[in-house]
Each structure stands twice: as structure tokens, then as C-alpha cells.
Amino acid sequence: MERLVVVSNRTADLGGKTLSGGLAVGIVDALKSSGGMWMGWNGDIVDKSRSMDARVETYDNVTSLTMPLTKEEHNNYYLGFANKVLWPTFHYRLDLMDYRTEFARSYARVNGKFADILHPHLRDDDLVWVHDYHLIPLASELRAKGCNHKIGFFLHIPFPPSDIFSAIPRHQWLRECLLQFDLIGFQTQNDADNFCRYLKGNSDVKFLSPDRIRWHDRTIKIGHFPIGIDVDQFAAMAQETDEEIQLERKRRSLLKRFQVISADRLDYSKGLPQRMKAFRKFLDTSPEYRGHAEYLQVASPSREDVTAYSDIRGELEQLSGAVNGKHADINWAPIQYINQSISRERLALLFRCSLIGLITPLRDGMNLVAKEYIAAQDDEDPGILILSRFAGAAEELGDALIVNPYDVNEVAQAIKKAATMPMDERKARHRNLFSQISTNNADLWQRRYVAALRSVEPNVQRAQLSSHAKWRKEPGMGTMSNSRH
């Protein structure tokens, strides 16, 4: 039987009781049904002598294949190239890109290490599904070992316009690595279009159709597959009883208060300072809501070793303090800012008792928090989602209040519109949004992608150098050749 093999930077906790995140929820059932395998970094950082120590475990018919990273690999591959080059660039933040040759070398080497460990475990009929920007060179590394499997790639974050992507030094190397996949999947049509426009201006690929290209002797399919959530699971968590939250909800009702909630990783792409400024603008321009509107911002710590993240934490602490200092009184503080992680179960309950979900990233591949907010709502008294037009989810969730996150006035006006929206309109919007996320759920996402990968045309691979060997052969240490091949 054909087996699904998933490869990602980190693996899910397959032995845990509850899986979190779209990737985990979306594919574990598929792995179980095919007796599949999930490979990734296990979170361990070891010395160089143990760098190839792989761990194989089995959980409920799913094989877990994990490996450690050395400190150098963690610093240069993960914190370096992945999160100081690719992450900011793919989120349109060229001003934050920090390209270094040692980052790129480590990125190529670690992908080679993934391939070295994975390849002996592959069976002839395996479907290989590679996830996200950390592993762009992996197909190239596997092809160099003679791997003729169907290998698909799915990018969870945005793909930027051509002029931004081509600003990455040696972007052509990344392009050639991507073209070793048989299927290249994106979250949105806009991302897929950006990639195709880049190829048309920076390569010699031939477009056979809008979603199929020919490159040398390879036929490659391009598509968009918007990721979803397990709606039933999250809705069930939101309906659990929590005495503390129920008492808080009653307190707000008695005091005629409502809550605006946001939950994000602490990341510059999420637009947290702009959002806090918009709430400040709302209070400044709608004084009647002072004492009645409360904003809860949950910002879980993320990549604390990267300077840009510590900078944004300081800015948020200063902003929240300034707003509370100006508007708070003895009985009310407008902003509650929490820089710590909250369990998904508790977050679901908080979403359910919040009148407004304020999800306004500056750029996001999809944003599953927006979908979780919808899933958590009470059909008879639903909250309203305010969503950034630059989140991938905006392509699907047109019944949310769609805003430009850079426009503080527009977001402030949307908060007021949501706060005063009639119940009939709230219910109608929620019905449409809930129907959308229920149809395009996590299960449909993985089934659509796996079916597309299964149906791609077989490509007979030619012997080639690994991605790292190609990188070393390019002229210059910080530039790439101008070849379009």
C-alpha cells in the first residue's frame, strides 16, 4: 500500500493527547490510515559527535523519525537562514533580512542531513510531502541520492512578489531547489501567482497551462491549497465549562463591558503594535466606550534569540503601559497584555466570550487563529471577526470585517462597527463564515493535496549534484551566477 511520508522542521507530539496546529491536525489521520512516517527535528541540540543520531518510534501506526541539531546548525540553519533570511523576506520585510554566507551553507548542509537520514527509510511507492521554508532544498538532496519518488512541497507562509524574492542573494539556487519537487503548493492563489510571475521573469521554464510547467525534462504542478482546522474539535473545546471564565463573562455582562481578543505569536509579521495603536485610536475617538471595552492581547513568546522579536516585545510593553496610563481608572484597565503561552483549551473559551476577534497581521500565509475564533463562537450570540486583508484567510472569509492593518483609523472604525452591529447581522455573517471553515477544513486540505501529489506525472530523474554541491560550485561566495538554467 502507498505510504505517506511527511517531512517538516519539527514533528508533532504524536504521543500527546491533543494535537495542535493546522499541520498536525490536518495530516495525522492520513498518516495513520497509510501507516505513514513523520520526520523532523526533535528539538534536541547536541554536540557534533551526535549530530546524526536518529530516533525511530511508533505511535498508533505512525512512525516518528527524528534527529537532533548541533548548536551551529540551530544558530545558522534555523535561527539564521530560515528565520533571518527567508522568514522576513517571504513576509515582505527586506529591511530585516540578514544574509550571511555561513547561514546559507548551513541551510544546505542541514537539508543534506535530513536527506541522509530519511533516504534509507523510504520505500519505493512512498509519497513524500515536504513542509515549509526550512526545507526548500530537500527534494534536490533526495534526487541526488537517486530518489525517484513523487515529492511535494507545501509553503505555509506567503510567497512574495518577484522583485522581493529575487532580492535574496543566490535566489536562483532556491528556485532550482524548488523545481526538483513534483508539486509545489501554496496557501492562496495570490501566492501561487507570485511564484509563477517570478518564474516567468527569472527562469527558462515553459508553461504548459496556468498550473503546469516544464523545466528541462521535468513536469511540475503548481497549486493553492488553503489549510483549515478541525472545526468540531475546536468548537467542542470552546463549549467546555470553566468556572473562572464563566464568572468573568457574568462580570462583564453586569458592567456592560465587552472583550476584544487577539492571540498571536510574538512576531513582527503579526502587526501587534499597529493593532494596539488602533485600539488606542478607538478609545480616543469613541469616549463612550471608556470603561466598557477591554482588549486582551495574548502574545506567546517566539524566537527570543532573534533581536527583532525582543524589540517588538519592548514596544508592546511600552504601548500597553501608555494606553492604560492614559485611559485606565481604579475599576478598569483597557488593555491586558500577556506575553506567555495559553493552552488551546483555554484560548477556545476566551474566544467564545469575546465579542470581537481582532486578527490583523501585516502579512500571513493563512492565519488559523481567525478560523479558530469563528469555530469557538456561540451560534445564538456570535462574535465578529475583524481580519487583515493581507492574511491568506481573507481570500476565504469575506464575511469578516476586512481591514488594512496599516490604517489605524480604519481598524478603529471596524472595532466600533463590530461593537454596534445588530444581532441579526452578526448571526448572518457567522453562519456564512462557519459554513466556509466547516467545508474547507483540515481534512479536506490534506486530502486535496495528497490527491494532487498522487496524480502528478512521473518524472524520471537524471543524476545530479546535491543542492549543497551546487551551492559550492557557483562562482563567488555571496552571489550567484547569472545563468537562467
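Quick note: the coordinates plus some simple rules give every number you see, no bench work behind them. Bear in mind the structure is a predicted one, so any value in this text is a computation, not a measurement. Glycine also receives a Cβ, built like all others from the backbone with ideal geometry; neighbour counts cover every protein chain displayed.
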From the Cα centre of the range 95-143 to that of the range 418-446, the distance in Å is 38
Applying the Karplus parametrisation 6.51 cos²θ - 1.76 cosθ + 1.60 with θ = phi - 60° to the phi angles of the range 248-262, what ³J(HN,Hα) value in whole Hz is obtained for each residue in order, glycine and proline being reported as x?
5, 5, 5, 4, 4, 4, 5, 8, 6, 10, 9, 10, 9, 10, 9
When the Cα centres of the range 32-91 and the range 232-260 are compared, how far apart do they sit, in Å?
38
With charges set only on the Cβ (+1 for Lys and Arg, -1 for Asp and Glu), what does the dipole of the chain come to about its Cα centre, in debye to the nearest 20?
1100
Packing-wise, with mean Cβ within 10 Å as the measure, how do 369-378, 76-85 rank, highest first?
369-378, 76-85
To the nearest 10 degrees, how steep is helix 101-118 against the longest Cα principal axis of the chain, on a 0 to 90 scale?
80
Using each residue's phi in the range 399-405, evaluate 6.51 cos²θ - 1.76 cosθ + 1.60 at θ = phi - 60° and report the 3J(HN,Hα) Karplus result to the nearest Hz, with x for Gly and Pro.
8, 6, 7, 8, 10, 8, x
Of the beta bridges DSSP finds with both residues in the chain, what % are antiparallel, to the nearest 5?
20
Report, in degrees rounded to the nearest 10, the 0 to 90 angle that the Cα long axis of helix 423-439 makes with the longest principal axis of the chain.
20
Convex hull around the C-alpha positions of the range 138-258: the volume in Å³ per residue is 198
Partners for residue 416 among lysines (Cα-Cα distance below 17 Å; same-chain residues under 8 apart left out):
256, 277, 281
How long is the range 270-416 along each principal axis, judged by its Cα atoms, biggest number first, in Å?
41, 38, 31
For the range 228-236, take each phi angle, set θ = phi - 60°, evaluate the Karplus expression 6.51 cos²θ - 1.76 cosθ + 1.60, and give the result in whole Hz per residue in order, putting x for glycine and proline.
x, 10, 7, 4, 4, 5, 6, 4, 5
Likely footprinting exposure, 380, 457, 294, fewest C-beta neighbours within 10 Å first:
380, 457, 294
Please report the orientation-averaged projected area of the chain, defined via the convex hull of its C-alpha atoms, in nm².
22.8
Give 145/371; 150/270; 84/326; 32/221; 32/150 a once-over and call out the pairs whose C-alpha atoms are over 31 Å from each other.
145/371; 150/270; 84/326
Amide H neighbours of residue 266 under 5 Å, at least 5 residues apart or on other chains, H built in the peptide plane: list them.
300, 302
Pairwise FRET efficiency - residue 250 versus residue 58, Cβ, R0 = 45 Å, nearest 0.05:
0.40
Among 184, 439, 253, the residue whose Cα sits farthest towards the positive end of the charge dipole of the chain (+1 at Cβ of Lys and Arg, -1 at Cβ of Asp and Glu, taken about the Cα centre) is 184
